[in-house]
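Following: one structure in structure tokens, then a few remarks.
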């Protein structure tokens, strides 16, 4: 069991000189994002990317999280939540990963809404990996997305040490939310005590044990 766990769960702190590239550190943000989508908005995540990775020791590719909420009482009975995650210990507010780099939350989520083939691919992947419980829900989302009739919320997710968080961390998402129209914006910011690296190391050491 120990051998299986250590071969399928990445070892933490493998990129100490470039912590932003460390697999465990990055996955920590994705896993917390899963919990936020499930617990705060009640979303179903039909194919969690961390669970279905091609190579366990490498960072996953593609959209970090895709959730679906079915609510017969809502104006739109089915809504898709598209999330990208970043972890930053920068003292800058907002940190560059929010809206200043080429792969920032702003760029990735704006493109997901406007360049629609990416979400189509993610939904097709979700249909492949989901269990029978949610298969019809994903299929319906594919049809509505193709018809440009699926209510959408983008969820930029930012993991920050508590002492580095600043009031400006929301960046372009607060300054110009219309850039992601017709999608709504639900910024999710999680603050942790201590460093992100220390938390990732504690979580992944425990998982590997």
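What follows is calculated from the coordinates using simple rules that are stated; it is not laboratory data. From a predicted model like this one, the values you see are computed outputs, not experimental measurements. Cβ: placed from backbone, ideal geometry, glycine included. Neighbour counts: every protein chain shown.
A compact table of results
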| item | result |
| --- | --- |
| Computed lengthening from residue 76 to residue 206, 0.36 nm per intervening residue step minus Cα-Cα distance | 42.7 nm |
| Label point distance in nm, residue 193-residue 89, each placed 7 Å from Cα along Cα→Cβ | 1.8 nm |
| Taking 63, 1 and counting other C-beta atoms within 10 Å, the order from fewest to most | 1, 63 |
| For region 31-193, alpha-carbon Rg and Dmax in angstrom | 15.6, 45 |
| Inter-label distance, nm, simple model (7 Å from Cα along the C-beta direction), residue 16/residue 52 | 3.6 nm |
| Extension gain, residue 124 back to residue 163 (0.36 nm per residue minus Cα-Cα distance, nm) | 10.0 nm |
| Residues 93, 7, sorted so that the one with the fewest Cβ neighbours within 10 Å comes first | 7, 93 |
| P(r) of region 1-89 over all Cα-Cα pairs, binned every 5 Å from zero, in whole percent | 3, 13, 21, 20, 16, 12, 7, 4, 3, 1, 0 |
| Euclidean distance between Cα centres, region 65-89 to region 8-33, Å | 24 Å |
| Hull volume in cubic angstrom per residue (convex hull over the Cα atoms of region 107-209) | 135 Å³ |
| Efficiency of FRET from Cβ geometry, residue 117 and residue 6, R₀ 35 Å, rounded to 0.05 | 0.40 |
| Rg and Dmax [Cα atoms of region 90-157; Å; Rg one decimal, Dmax integer] | 14.9, 45 |
| Ranked 187, 173, criterion: other C-beta atoms within 10 Å, fewest first | 187, 173 |
| Pairs of alpha carbons in region 61-114 whose separation is greater than 19 Å (percent) | 42 percent |
| Separation of the residue 101 and residue 143 label points, Cα + 7 Å toward Cβ, nm | 4.0 nm |
